[in-house]
1. Of the accessible area of the chain, with the probe set at 1.4 angstrom, what percent is carbon plus sulfur?
2. Can you list the HN-Hα couplings for segment 19-29, worked out from phi with the Karplus curve (6.51, -1.76, 1.60; θ = phi - 60°), rounded to whole Hz and with x for Gly and Pro?
3. Where does each of 71, 2 land when they are ordered by accessible area, with a 1.4 Å probe and the largest first?
4. Please list, in chain and number order, the residues 5+ apart from residue 4 or on another chain whose amide H is under 5 Å from its amide H, with Hs placed from the backbone.
5. Would you please give the residues with an amide H less than 5 Å from that of residue 16, counting only those at least 5 places away or on a separate chain, with H modeled from the backbone geometry?
6. If you add up the charges near residue 82, with Lys and Arg at +1 and Asp and Glu at -1, over every other residue whose beta carbon is less than 12 angstrom from its beta carbon, what do you get?
7. Using the Kirkwood radius built from alpha carbon pairs, what does the Stokes-Einstein equation give as D for segment 1-80 at 10 °C and 1.306 mPa s, in µm² per second?
8. Per DSSP H run of at least 4 residues, take -39500 (n - 2.57); add these up for the chain, divide by its residues and hand me the 222 nm value, nearest 500 deg cm²/dmol.
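The values are calculated or read from the model by the stated rules, or taken from the named source; none is laboratory data. The model shown is predicted, which means the values in this text are computed figures rather than measured ones. For neighbour counting, all protein chains shown are included, and Cβ atoms are generated from backbone atoms with ideal geometry for every residue, glycine included. Side chains included, ligands, DNA and RNA excluded: accessible areas come from the protein's heavy atoms. Shrake-Rupley method; radii C 1.70, N 1.55, O 1.52, S 1.80 Å.
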Amino acid sequence: MIKFFLMVNKQGQTRLSRYYEHVEINKRTVLEAEVIKNCLSRSKDQCSFIEYKDFKLVYRQYAALFIVVGINETENEMAVYELIHNFVEVLDKYFSRVSELDVSFSVSEMHL
């Protein structure tokens, strides 16, 4: 099961966040900061799956944008990894060459 979906730039600013379980606002801030730190600190040679607390993080980097999905332990990491890529392809088609600015202003209008 997907717990959350984040889009973050290289500066560590969250551009989009969507939670599928209730998480208090103050806990979201801490969670996002820790998740972003974990993903940004990894090199491109390292695996895109991270075990974090009681769930897993699956992330992909596209230019200056990181897409991070938090999943439970029973979810298939490769399926989520491909889901991220498919989501980016849809954004690319929808926005016609998507950029971080497109995502930060226009994705908030879309219902995920």
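1. 51 percent
2. Residue by residue, segment 19-29 yields 10, 9, 9, 5, 9, 4, 4, 5, 6, 4, 4 Hz.
3. 2, 71
4. Residues meeting the amide H criterion: 20, 70.
5. Under 5 Å from the amide H of residue 16: 7.
6. -1
7. Approximately 125 µm²/s, per Stokes-Einstein.
8. Working: 3 runs with 42 residues, N = 112.
Value at 222 nm, helices only: -12000 deg cm²/dmol.
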